[in-house]
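Report on one structure; see the data block that follows.
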Amino acid sequence: MLDLRAVPKGRAYEELDGHVRAALSGVDDPISAMATVSSLVHHAFGFLWTGFYRVVAPGLLRVGPYQGTLGCLEIAFGKGVCGTAAAERRPVVVPDVASFPGHIGCDGRSRSEIVVPVFGPDGDLLSVFDVDSEKVATFDAVDERGLTTILAWFAGR
Ligand code: SME
């Protein structure tokens, strides 16, 4: 298992991107790819919850694949952090979930969160990638850049 917790974050994401690209080489199934990314990111950093909410209908996100405790099943665009990132098609970093109006709490231990949109080859929004941490202020611009780079695989395949 890849564990990057002792590695400085910027370098950790570079290393992780290499592992993701290697693991996804030859993969042509986006669900398998999402499962693989969830597992690698989750265990590399020891996050609380790591996974995708897929766009399954106009304005509607549905959970999966993911790693972690039970996630809520569906989120409408505009609701919570995930729905905000989907509606605005941009990453959202939340240093303290208690300060984000409308935050959807799936696991009471979550203290901070990042959600990054995932685009397909045509620029269509496929899903959002949500990562939750038990500590406040876990995520910053380094995570945003690192995750965005990893998730660019879905646009490039
Ligand atoms: N906190 C998210 C909901 C998803 S879970 O944390 C797994 C939100 O506010 O969108």
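The values are calculated or read from the model by the stated rules, or taken from the named source; none is laboratory data. Computed from a prediction, not measured in an experiment: that's the story for all the values here. Ideal geometry is used to build each Cβ from the backbone, glycine not excepted, and the neighbour counts take in all protein chains shown.
So which residues in the stretch 114-133 are within 16 Å of the ligand (Cβ to nearest atom) and either modelled with pLDDT under 95 or over 13 Å from E88 (Cα atoms) (or both)?
I114, F129, D130, V131, D132, S133 - these are the residues of the stretch 114-133 that are within 16 Å of the ligand (Cβ to nearest atom) and either modelled with pLDDT under 95 or over 13 Å from E88 (Cα atoms) (or both).
Just give me the residues in the stretch 40-66 being surrounded by fewer than 19 Cβ atoms within 10 Å (Cβ to Cβ) and polar (S, T, N, Q), in sequence order.
Residues satisfying the conditions do not exist here.
Could you pull out the residue among V56, V63 that is within 12 Å of F129 (Cα to Cα), β-branched (V, I, T) and out of contact with any His (no Cβ under 7 Å at 6 or more places or on another chain)?
Just a single option satisfies the conditions, and that option is V63.
Residue-by-condition table, conditions (1) in contact (Cβ under 8 Å) with a residue 40 or more places away in the chain; (2) in contact with an Asp or Glu (Cβ under 6 Å, 6 or more places away or on another chain); (3) not aromatic (F, W, Y):
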position	(1), (2), (3)
G80	no, no, yes
D96	yes, no, yes
V115	no, yes, yes
D130	yes, no, yes
K135	no, no, yes
F139	yes, no, no
E144	yes, no, yes
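Only one of these is under 26 Å from R5 (Cα atoms) and loosely packed, with under 14 Cβ neighbours inside 10 Å: R89, R109, R157. Name it.
Of R89, R109, R157, the one residue that is under 26 Å from R5 (Cα atoms) and loosely packed, with under 14 Cβ neighbours inside 10 Å is R109.
Take the conditions closer than 23 Å to G156 by Cα, surrounded by fewer than 16 Cβ atoms within 10 Å (Cβ to Cβ) and among the acidic types (D, E) and apply them to D17. Does it pass?
So D17 fails the test.
Of all residues in the stretch 47-98 being part of a strand (DSSP E or B) and β-branched (V, I, T), which is nearest to the ligand (Cβ to nearest atom)?
Among them, the one singled out is I75.
Keeping to the stretch 15-37, report how many residues are in a helix (DSSP H, G or I) and touching a residue at least 60 places away in the same chain (Cβ under 8 Å).
Residues meeting the conditions: 9.
Given the conditions (1) part of a strand (DSSP E or B); (2) over 11 Å from the mean Cα position of the chain (by Cα), report the number of the one that V118 does not fulfil.
Single failed check for V118: (2).
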